[in-house]
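In what follows, a single structure is set out as structure tokens and then discussed.
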Amino acid sequence: MGSFFKTKINIEKIMAFLAFVVSICTLYLFFHQTSLMRKQQYASVLPYLEVGNTENNGNYGFVLNNNGIGPAFIEEINIHYKDSVYRNTDINDFYVKVMVKQDTLFKGSTVFHSTIRKGMLVPEREVKYMLGLRKEVKNFEILHQQLREWLNNKIRVEIKYSSVYKEKWRIIYPGQDTPEKIK
């Protein structure tokens, strides 16, 4: 009878140990699955901003596109010119305060624009004309070439933005074709 109790006690210990192992494995799988779900959520809301030049119906535009999935929240827009950084400055503000004063060709010319400032939302698949020039403007070709020269060679535009999950990225134009994830 003594060996019967020892066997029963050993079986109970083994069963308890197996139940413990199964619960630990279940807990691991739960955390792993939660992690995968979180990664999927973040990937499903991934704004992808791009900056560049475009021509549409003969008009020129310097545009900001959100070609990603989900909105982009503008955190900062900085314009680098010579040795200065114009922090949280809209491109049109920079155009008025610096470009028109530095380049007499722009005096009296009219541009159109969409304001891009800190705190703004850029919805997915949205195109914002940060600065544009209509083909009807007097001296369009000359102004177009000079505006492109400024935007492509004289300044750098840095935009920091985030997703709804507070993931942060940075794009720099010209020089960086894809957004860079930042901490």
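The values are calculated or read from the model by the stated rules, or taken from the named source; none is laboratory data. Keep in mind it's a predicted model, so treat the numbers as computed, not measured. Because the Cβ atoms are built from the backbone with ideal geometry, glycine has one as well, and the counts that use them run over all protein chains shown.
Yes/no per residue for (1) of a type outside the set (Val, Ile, Thr); (2) modelled with pLDDT under 75; (3) assigned to a helix (DSSP H, G or I); (4) surrounded by 10 or more Cβ atoms within 10 Å (Cβ to Cβ):
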| position | (1), (2), (3), (4) |
| --- | --- |
| Lys8 | yes, yes, yes, yes |
| Glu12 | yes, no, yes, yes |
| Met15 | yes, no, yes, yes |
| Phe20 | yes, no, yes, yes |
| Cys25 | yes, no, yes, yes |
| Ser35 | yes, yes, yes, yes |
| Gln40 | yes, yes, yes, no |
| Thr54 | no, no, no, yes |
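Out of curiosity, is Tyr165 surrounded by 15 or more Cβ atoms within 10 Å (Cβ to Cβ) and of a type outside the set (A, V, I, L, M)?
no
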Out of (1) at pLDDT 90 or above; (2) part of a loop (DSSP other than H, G, I, E, B); (3) of a type in the set (Val, Ile, Thr), what's the single condition that is false for Thr110? (1)
Could you please find all residues in segment 70-95 being surrounded by 14 or more Cβ atoms within 10 Å (Cβ to Cβ), hydrophobic (A, V, I, L, M, F, W, C) and without any contact (Cβ under 8 Å) to a residue 60 or more places away in the chain? none
Cβ pairs under 6 Å, 6+ apart, first in segment 40-69 and within 18 Å of Trp150 (Cα to Cα), second modelled with pLDDT of 90 or more and among the hydroxyl-bearing types (Ser, Thr, Tyr): Val51/Tyr173; Gly61/Thr54; Gly61/Tyr129; Val63/Thr54; Val63/Tyr129
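The rows are residues; the columns are (1) over 22 Å from Lys181 (Cβ atoms); (2) part of a helix (DSSP H, G or I); (3) within 25 Å of the chain's Cα centre (by Cα).
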{"residue": "Phe94", "(1), (2), (3)": "yes, yes, yes"}
{"residue": "Lys101", "(1), (2), (3)": "yes, yes, no"}
{"residue": "Leu105", "(1), (2), (3)": "yes, yes, no"}
{"residue": "Thr115", "(1), (2), (3)": "yes, no, yes"}
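Kindly check whether there is at least one residue in segment 119-134 that is over 22 Å from Pro47 (Cβ atoms), free of Cβ contacts under 8 Å to residues at least 40 places away in the same chain and in contact with a Phe, Trp or Tyr (Cβ under 6 Å, 6 or more places away or on another chain).
Within segment 119-134 (the criterion being over 22 Å from Pro47 (Cβ atoms), free of Cβ contacts under 8 Å to residues at least 40 places away in the same chain and in contact with a Phe, Trp or Tyr (Cβ under 6 Å, 6 or more places away or on another chain)), the answer is no, since none of the residues qualifies.
Mind checking which residues of segment 125-163 are of a type in the set (S, T, N, Q) and either in a helix (DSSP H, G or I) or not assigned by TED's automatic domain parsing to the domain that holds Ile69 (or both)?
Passing the criteria: Gln145, Gln146, Asn152, Asn153.
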